[in-house]
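Structure record follows, encoded as structure tokens.
Please treat every number below as a calculation from the coordinates, not as lab data. Owing to the predicted nature of the structure, the values given are computational and were not obtained by experimental measurement. Reconstructed Cβ throughout: ideal geometry from the backbone, glycine too, with neighbour counts over all protein chains shown.
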Amino acid sequence: MSSDHSPARLSRFRSRFQGWHRAGSESGFSLIEVLVSALMVGLIAAAAATALISSAHFSGDQQLRSQADVIANQDLERLRGMSDEQLGGLNQTRTVTLPSGQSFTVTSTSTYVNTSGASSCTSSAASYYKLTTNVSWTESYTNQSPSITDESLLSRPVSGDLLTDVKDPTGAPLQGATVNATGASNQTGTTDSNGCIVFAGLTPGSYTVALSKTGYVDPNGNSAPSGTATVTTTGMASPSGLPFRLGQAGSIVGTFGTYSGAGGQADGLSWLGTGAGLGMTTPGIVTATSAAAGFTSALLYPFDTSATSPATYSSNYQVYGGQCAQQMPPAGSDQQSVSPGSTGATDTIQEPLLDINSVTYNGGAVKPLHIRLTFTGTGCKNGTNDSWYPSLIASPTAAPAPANGWLAYPGQPYAGSGQGTLTVCADYSNHKASVTATNASFTQPNYVSAIAISSSSGTGTC
């Protein structure tokens, strides 16, 4: 068998192989070029789409801003047409809906400022109404809430100006308090974000300025404190007592007890605010028609007892049984905490334990029919004394007395030496007798000396 390895044959084979290789390479380069071209077309198309979408969003945002600007200008014109009384403390929020269905939230406020733009509550030289309109909306495609704000100053030749300044317990401005000025003319408004309201154009004369805010009281527990002012044709008047202070009221639910765990009673619950240098001038008092084992206080002002922020409220009231200022125990006793809006967690109010177990009639030990306690002192709600009948134990029905005496609730209001006079009256068989006593110790019983009733004693009941 022979083979042909001649140069001519090898040359033909080499030419044929190079042709195959060239054809394959040209086919591969064509496929890559197609893929690259397709990718470039996609990228260009995506960029163009993004640009078109951004342009559409921008155009839509500009249209909304243009509409909002028109609404803001219209609202400022509306405010300029309001009276001084309407502008005082103005704070309104409303919704404006266009025919297209697009809604805008419009907030309109008015404050009175001086020539340098400061709040009228920091300067008596109030000169202008500062009108502010904020218009906001929601753009669904960005889930944002853009807004625009327009402001304007309004000056009027007014006289009869009256400024009222209201603060909260921490000394911060209190917005939304209702203020009424009553006198030669009347105006009503609410305090602005500076805690301020200025009435302009009042008829000169004497005015009573009263304020209120639902659920709020002043340091003395008044829900409608007031002051007086004299308005003239020139200058700025202010009511007496500025700045007014109002705080969201809290309360105390108190039950009486003693150091030994025995119960207590009183015919009243008294309290005195002791916080932040804003202490009450006279105690607040809630009363009962008869001796009671527990009370819910009236609305109490939450004193800020801390210089820190946020404010803390701790031991800002001294609370005690009875209806007289002199029945208040030494400072530090029965301190209770009242915070803004507190509903009154039940607190045990400690009272001294009064032991009355030596009552006789014609020399023999008896169980009295009634015992009456009378405290005579100063600062009493009912004049110069506080008098009540404590509950007597049901059993035993006759002498001898139990260990803690005849009182079912031996804890009774404080009566210290030199702080008024406590009189204890007992009656039996239509005769009565009285002794004086003190009830001051919180750590051991306070004994009443023997009450001796006889047929020659005064007649009647205590």
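Cross-link partners among aspartates and glutamates for LYS167, C-alpha distance below 17 Å, same-chain residues fewer than 8 apart left out?
Straight-line reach from LYS167, under 17 Å: ASP192, ASP218, ASP304.
7 Å from Cα along Cα→Cβ at both MET82 and TYR389: what's the point-to-point distance in nm?
With each label point 7 Å from Cα toward Cβ, the separation is 6.0 nm.
What is the sum of charges, Lys and Arg at +1 and Asp and Glu at -1, for the other residues whose Cβ falls under 15 Å from the Cβ of LEU373? Don't jump to the answer; show the numbers that get you there.
Numbers: positive: ARG372, LYS432; negative: ASP267, GLU351, ASP355, ASP386, ASP427.
Its environment carries a net charge of -3.
What ranking do 231-240, 352-361 get when scored by the average of other Cβ atoms within 10 Å per residue, highest first? Present the calculation step by step, with values, prior to reporting the outcome.
Numbers: 231-240: 15.8, 352-361: 22.9.
Top to bottom by mean Cβ count within 10 Å: 352-361, 231-240.
First measure r as the distance between the Cβ atoms of THR461 and ASN222, then evaluate 1/(1 + (r/R0)^6) with R0 = 35 Å and state the FRET efficiency to the nearest 0.05.
Details: r = 39 Å, r/R0 = 1.12.
FRET efficiency, THR461 to ASN222: 0.35.
Under a point spin-label approximation (7 Å from Cα along Cα-to-Cβ), what is the SER152-THR230 distance to one decimal in nm?
Going by the 7 Å Cα→Cβ label model, 3.9 nm.
Which FRET efficiency value, to the nearest 0.05, do you get for THR421 and THR214 by plugging their Cβ-Cβ distance into 1/(1 + (r/R0)^6) with R0 = 51 Å? Provide the component values of the computation, followed by the final result.
Values: r = 43 Å, r/R0 = 0.84.
After rounding to 0.05, the efficiency reads 0.75.
Can you work out ³J(HN,Hα) from phi for every residue in segment 422-432, in order, using Karplus 6.51 cos²θ - 1.76 cosθ + 1.60 and θ = phi - 60°, giving whole Hz and x for Gly and Pro?
These are the phi-based 3J(HN,Hα) values: 9, 10, 10, 10, 10, 10, 7, 6, 6, 10, 9 Hz.
For segment 329-342, what does the Karplus curve 6.51 cos²θ - 1.76 cosθ + 1.60, with θ = phi - 60°, yield as ³J(HN,Hα) per residue in whole Hz, taken in order and with x for Gly and Pro?
Running phi through 6.51 cos²θ - 1.76 cosθ + 1.60 with θ = phi - 60° gives x, x, 3, x, 7, 6, 7, 10, 10, 10, 10, x, x, 5 Hz.
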